[in-house]
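Before any comments, here is the structure.
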Amino acid sequence: MHASVVTVAFEGVDARRVDVQVQQLSADQPSFTIVGLADKAVAESRERVRGAFAGIGLALPSKRIIANLAPADLRKEGNHFDLPVALALLASMGVIPADALAGWAAVGELGLDGRIAPVGGTLPAAVAADAMGLGLICPEANGPEALEISAAGGHNLLFVGPPGSGKSMMAARLPGLLPPLTPKELLETSMVWSVAGLIERGALTRERPFRAPHHSASMAALTGGGLRAKPGEASLAHNGVLFLDELPEYSAQALDSLRQPLETGEIVVARANAHVRYPARFQLVAAMNPCRCGLGGAGRGACGKAPRCQRDYRNRISGPMFDRIDLTVEVPPVTAADMALPPPAEGTAEAAARVLAAREMQTDRLRLAGIDPETAHDQAVNARASGETLDRFATPDDAGRALLMKAGEVGGLTARGWTRTLRLARTIADLDGCEGVLRRHVAEALIYRRSTAEANDAFDARRTGSPTPHETVTPAW
């Protein structure tokens, strides 16, 4: 099957159109060849594409694969050809619809884990794509986008990145994206704070709580306890945000104690002669370094023990805990060039308006289902939507369901992971202004869930001693 994707080749500050054409031919000996006057970096794209496919559980077809970069008389240089070659190959394999690439140009470098890395020349590529009447697919920081999705649907979020990359700053921005407390939520939150002795005269506020306990906090500090069974940080974050910085540095006992409130929205503090219940319906936002030294496995000053150091560091967090995290986002390091960039044209107010519009869509759906949003706080956002609500309002189209089924077969989604992926896709569709959940919404949700699934696989492999699914090339989905 033949497929084609548009990209560009650079001539100084100008960019010229290049068509990446991929054809699969029957052959006794499978091969992968790139032709079209490509330099060494472009020729090496086939190995990066092969490694990236293996990293996400895709197998190359057992055929002779030819990637032609046309026109053949134009010199092709740079690492930005990885993404268009991969997209054209995916289309030729039938993994993505060929018509989905119409109207787009693409640039980007692939990592062996399947992630897309930034490349130089994005601005000239964007100018050239606009002149051709095309949109541009290119790498970008997705931390702010994930933050907006998290706020719109109440989803739990994890930032992974080196020190100084802005993880804590983005987490602290989340309360500004959330709508203010409703009168009922204000009363609930104030009651918890009053019991804890933290309310001063005239100190009530409609701002949502933001609690950030130190990583040395004990299980009792997080969940509550003491002689009078006072509420802990999880309950003080009720109707707000609980931010756990340096997530792997918390004790395993403390982290696992949060698994129940993340599901039920309440905490039971047991005493010798009584059980005290505190509400704890919070949104979890966490941050962590890629490994113990904080540097990770790529770039300047990379960890010398990668990838084992990264794997061991993540294994401090249990698989069931990772399974309760809906979005996992890798935050790139901030460079000197980033510091020189002008501030973004869009601020918190614009993002908060989109979040509010998405929340209103969720409220309207509850009313349509005959549920009062003022009383049904346990279903007020997509992250807590019931199975019945998901069946009615979050069932994907046929293409989206097929993608989710294949991801479940190959990617190892748990039952909880399946449900959380549907909830996440519903939120992405809300931000997109769509009544139904489409394939692209499911695909984006699976991208955010993939790192969570990898961590879950690593935890299971550590527990059983078996290899993870990502240590072998699995059938394509």
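Points worth noting:
- For the range 323-331, 3J(HN,Hα) per residue [Karplus equation, 6.51 cos²θ - 1.76 cosθ + 1.60, θ = phi - 60°, Hz, x = Gly/Pro]: 5, 8, 9, 7, 10, 10, 10, 8, 9
- Scanning residues 5 or more positions from Ala280 or on other chains, those with amide H under 5 Å from its amide H are Glu266, Ile267, with H placed 1.01 Å from N in the peptide plane.
- Working note: Debye formula, equal point scatterers on the alpha-carbon atoms of the range 179-279, no solvent; log10 I(q)/I(0) at q = 0.16, 0.21 Å⁻¹ is -0.69, -1.13.
- Order of Val442, Val268 - criterion: other Cβ atoms within 10 Å of each residue's Cβ, fewest first: Val268, Val442
- Debye log10 I(q)/I(0) for the range 2-137, one point scatterer per Cα, at q = 0.10, 0.17, 0.21 Å⁻¹: -0.28, -0.85, -1.33
- Expressed to the nearest 5 percent, the antiparallel share of DSSP beta bridges inside the range 90-249 is 45 percent.
- With distances taken between every two different alpha-carbon atoms, the range 155-337 has a Kirkwood hydrodynamic radius of 17.5 Å.
- Cys with no candidate disulfide partner in the chain (beta-carbon separation under 4.7 Å rule): Cys138, Cys293, Cys303, Cys434
- Point-charge dipole on Cβ atoms (K/R +1, D/E -1) for the chain, about Cα centre, debye to 20: 1240
- Think of the chain as having a plus end and a minus end, set by charges on the Cβ of Lys, Arg, Asp and Glu; of Leu25, Trp104, Ala286, Ala286 sits farthest toward the positive end of this dipole.
- DSSP beta bridge pairing in the range 155-337, given as percent antiparallel to the nearest 5: 35
- Aspartates and glutamates with Cα under 18 Å of Lys406, excluding same-chain neighbours fewer than 8 positions away: Asp397, Asp398, Glu444, Glu454, Asp457
- Gain on full extension, evaluated as 0.36 nm per residue between Ala43 and Glu374 minus their Cα-Cα distance, stands at 113.2 nm.
- 28 Å Cα-Cα threshold exceeded, pairs from Lys184/Lys230; Lys40/Lys63; Lys167/Lys230; Lys76/Lys167: Lys167/Lys230; Lys76/Lys167
- Helix-derived mean residue ellipticity, 222 nm - over the chain, DSSP H n ≥ 4, -39500 (n - 2.57), to 500: -12000 deg cm²/dmol
- Using alpha carbons only: equivalent-ellipsoid semi-axes of the chain, gyration tensor based, whole Å: 43, 24, 22
- Likely footprinting exposure, Glu47, Glu188, fewest C-beta neighbours within 10 Å first: Glu47, Glu188
- Placing dummy labels 7 Å off each Cα toward the beta-carbon, the span from Ala415 to Arg173 is 3.8 nm.
Quick note: the coordinates plus some simple rules give every number you see, no bench work behind them. Just so it is clear, the structure is predicted and the values come from calculations on it, not from any experiment. For neighbour counting, all protein chains shown are included, and Cβ atoms are generated from backbone atoms with ideal geometry for every residue, glycine included.
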